[in-house]
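Read through the structure below, which is laid out as structure tokens, and then see the notes.
Only the coordinates and a few stated rules stand behind these numbers; no lab work does. Values in this document were obtained by computation on a predicted structure and should not be read as measured data. When we count neighbours, we look across all protein chains shown, and the Cβ atoms used for this are built from the backbone with ideal geometry, even at glycine.
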Amino acid sequence: MCVVGALREEVFCLDLPHGYRLDMSDPDIFLLVREDGEIAGRFSALGADPGEIERAAWEDFLERSGEVRRGRRPCHGERGREDGSG
């Protein structure tokens, strides 16, 4: 997705997951929006960094894909043990 925006008056391209988009209708705030219409992130139009927007989108996407696979949201710091038993 390539857009022209208030990010230093530049054209920039974002590698967003399928179904994610950047709503730039407000001149002050960019909204990262999921396919279902829910807001995944908010960014200042003047200080937003394309890399931060991409990172937020992919983190949200991966977190939500994990929820779908497990049917629940993981707890903070939850992960399996290195020996594969957890």
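A few comments on the model shown:
- Residue order, fewest to most beta carbons within 10 Å, for 16, 32, 62: 62, 16, 32
- Using a Förster distance of 30 Å, the FRET efficiency for residue 62-residue 26 (Cβ separation, nearest 0.05): 0.65
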